[in-house]
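Enquirer: Please see the structure below; I have some questions.
The values are calculated or read from the model by the stated rules, or taken from the named source; none is laboratory data. The structure displayed is predicted, hence computed values, not measured ones. We place every Cβ from the backbone using ideal geometry, glycine too, and count neighbours over all the protein chains shown.
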Amino acid sequence: MDDNEESKPVECCRNCRFYHLHGPPGGGMLRQSCRRFPPTHFLGWPHDDPQKPDNPEEYCWLWVHPHVAANGWCGEFEPRKNDAIMDLLLSETSIPFRCQNILEKHGIRNIGQLLVRSAEELLRFPGLGETSLSQIVKLLKKHRLSLLGEAASNDAPS
């Protein structure tokens, strides 16, 4: 195996550009899905409702992307284009030092760890307010990224 092969990411869902890690607003169980193709629909009930309706007329149409495992694979693998940014330490960004300290107290040391948090969750950190949050969002938008539950900007510079 040559050095170039060793530096390539393992071809699994976690390293694929179509992999999407998401969860309900305000925290809860994270889910993993594949965004390679549009969602499919089926007649069912929401997964967050533990009671299956007795009457089929209570079912509704649901649209979902396929759920995947981080170490799964399908043959459609495409490496993420912004892998380097995921490992970028907050100390190497324009986020103010005070804000970095608050985030580090909660185990957030790089951009990748920041992306699995929602704005609501970050605002619950003592000392982190709207000004700090807007600086975080601005940094992420610069790289076409966003916090959990928010849309990433498509008009940011490359």
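Enquirer: Can you name the number of the only condition in (1) of a type in the set (Asp, Glu); (2) surrounded by fewer than 14 Cβ atoms within 10 Å (Cβ to Cβ); (3) touching a residue at least 12 places away in the same chain (Cβ under 8 Å) that Glu120 fails?
Expert: It is condition (2) that Glu120 fails.
Enquirer: Further question: Conditions: (1) in a loop (DSSP other than H, G, I, E, B); (2) touching a strand residue (DSSP E or B) at 6+ places or on another chain (Cβ under 7 Å). Trp61 meets all but one. Number of the miss?
Expert: Condition (1) is where Trp61 drops out.
Enquirer: For Gln113, indicate whether it is out of contact with any His (no Cβ under 6 Å at 6 or more places or on another chain) and either at positive phi or modelled with pLDDT of 90 or more (or both). Steps first, answer last, please.
Expert: Numbers: out of contact with any His (no Cβ under 6 Å at 6 or more places or on another chain): yes; either at positive phi or modelled with pLDDT of 90 or more (or both): no.
So Gln113 does not fit the description; no.
Enquirer: Restricting attention to segment 109-142, which residues are of a type outside the set (A, V, I, L, M, F, W, C), assigned to a loop (DSSP other than H, G, I, E, B) and under 17 Å from Asp87 (Cβ atoms)?
Expert: Within segment 109-142, Arg109, Arg117 qualify.
Enquirer: Being modelled with pLDDT under 65 and among the hydroxyl-bearing types (Ser, Thr, Tyr) is the filter here; which residues of segment 1-44 pass it?
Expert: Within segment 1-44, Ser7 is the sole residue that qualifies.
For every residue, the table says whether it meets (1) touching a Cys at 6+ places or on another chain (Cβ under 7 Å); (2) crowded, with 19+ Cβ neighbours inside 10 Å; (3) more than 17 Å from Leu21 (Cα to Cα).
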site: Pro96; (1), (2), (3): no, no, yes
site: Asn101; (1), (2), (3): no, no, yes
site: Ile111; (1), (2), (3): no, yes, no
site: Val116; (1), (2), (3): no, no, no
site: Phe125; (1), (2), (3): no, no, yes
site: Glu130; (1), (2), (3): no, no, yes
site: Leu133; (1), (2), (3): no, no, yes
site: Leu140; (1), (2), (3): no, yes, no
site: Arg144; (1), (2), (3): no, no, no
